[in-house]
1. Restricting attention to region 163-200, which residues are in contact with a Phe, Trp or Tyr (Cβ under 9 Å, 6 or more places away or on another chain), at pLDDT 90 or above and among the β-branched types (Val, Ile, Thr)?
2. Which residues, taken from region 102-122, are small (Gly, Ala, Ser) and either over 13 Å from the mean Cα position of the chain (by Cα) or modelled with pLDDT under 80 (or both)?
3. What strands (runs of 3 or more DSSP E) lie completely within region 1-101 and have 2 or more residues being under 14 Å from the mean Cα position of the chain (by Cα)?
4. Just to verify a result, which residue in region 179-200, among those that are in contact (Cβ under 8 Å) with a residue 24 or more places away in the chain and either among the acidic types (Asp, Glu) or not in a helix (DSSP H, G or I) (or both), is farthest from GLU25 (Cα to Cα)?
5. Tell me which residues, restricted to region 201-226, are of a type in the set (A, V, I, L, M, F, W, C), in contact (Cβ under 8 Å) with a residue 12 or more places away in the chain and surrounded by fewer than 15 Cβ atoms within 10 Å (Cβ to Cβ).
6. For region 59-89, give me each residue that is at pLDDT 90 or above and loosely packed, with under 13 Cβ neighbours inside 10 Å.
7. Could you list, in sequence order, all residues of region 154-181 that are farther than 20 Å from PRO137 by Cα, exposed (fewer than 15 other Cβ atoms within 10 Å of the Cβ) and basic (Lys, Arg)?
8. Only one of these conditions is not met by ALA38: (1) touching a residue at least 60 places away in the same chain (Cβ under 8 Å); (2) buried (at least 24 other Cβ atoms within 10 Å of the Cβ); (3) closer than 22 Å to VAL125 by Cα; (4) not acidic (Asp, Glu). Which number is it?
Amino acid sequence: MPVITMLSPKGGVGKTTTALILATEIAAQGSSVVMIDADPNFPLARWAKKDGKPDNIEVIPEIDEDEIIGTIDAARRRADFVIVDLEGKASARATSALLMSNLALIPIQGSELDAVEAARAFKVVRNAGTARERPLPFAAVLTRAPASLRLWTRDLKAVVANLKEAGIPMIPTALAERGAFRGLFSIGGTLAEMTNADVGSLDSARINAAAFRDDVLALLEEGAVA
């Protein structure tokens with residue numbers, strides 16, 4: 001079953017939030033999902049202990065760097081999707097996870113520093129594709145973006161333009177800066193279970209998350225056909 005790996009050498013770009021949004025939205029369609037939490041702080045494992053985790057989502061804290069290949073292999077045999085949330089640095093564990101992946105997603109925010117750091121991640125992904133002798137599909141994910149294009153800063157527009165010019169594919173749907181997305185970790189559960197009393201602009205967050213999920217699944221399908 002498909003393995004989707006999230007990586008970024010820079011912390012604070014919304015990598016784990018992106019992983020959780022994708023997992024919960026895929027699970028909402030009825031698919032089983034295993035999330036492998038390879039972040040040393042184990043934020044997904046903490047989310048899983050809160051009320052509201054869907055029964056078709058399993059979270060595995062990956063502690064042993066040497067075991068991640070076996071962990072991913074076992075997970076993909078029993079789940080429809082596997083999502084790996086890597087630590088925010090290049091490592092042997094990251095390389096091993098990429099070798100097992102069908103798609104790599106690199107979250108990025110709209111600053112030049114983020115773009116420079118993301119370039120390192122793109123290189124790691126390409127090297128993994130070379131090592132396994134077949135390209136590894138990948139894409140950048142714009143996170144914490146203003147909800148309206150009219151509010152995009154000049155820096156953000158420049159980063160997006162530079163990525164496109166460099167031939168870096170991007171997920172069409174950017175994940176906006178939403179209180180509902182942050183609330184997944186503080187409240188627990190999923191967007192479907194939240195109420196307007198919990199967070200604001202909930203309907204917009206749900207639409208944004210579903211569109212992002214559909215874009216990722218379409219990219220996965222393209223990679224499978226290729």
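1. ILE171, THR173
2. GLY110, SER111, ALA115, ALA118, ALA119, ALA121
3. So the answer is 3-6, 33-38, 81-86.
4. If we take residues in region 179-200 being in contact (Cβ under 8 Å) with a residue 24 or more places away in the chain and either among the acidic types (Asp, Glu) or not in a helix (DSSP H, G or I) (or both), then GLY188 is farthest from GLU25 (Cα to Cα).
5. ALA224, ALA226
6. If the condition is that a residue be at pLDDT 90 or above and loosely packed, with under 13 Cβ neighbours inside 10 Å, then GLY70, ASP73, ARG77, ARG78 are the ones that fit.
7. ARG154, LYS157
8. The number of the failed condition is (1).
The values are calculated or read from the model by the stated rules, or taken from the named source; none is laboratory data. Since this is a predicted model, take the numbers as computed values, not measurements. Glycine gets a Cβ as well: all are built from the backbone with ideal geometry, and neighbour counts include every protein chain shown.
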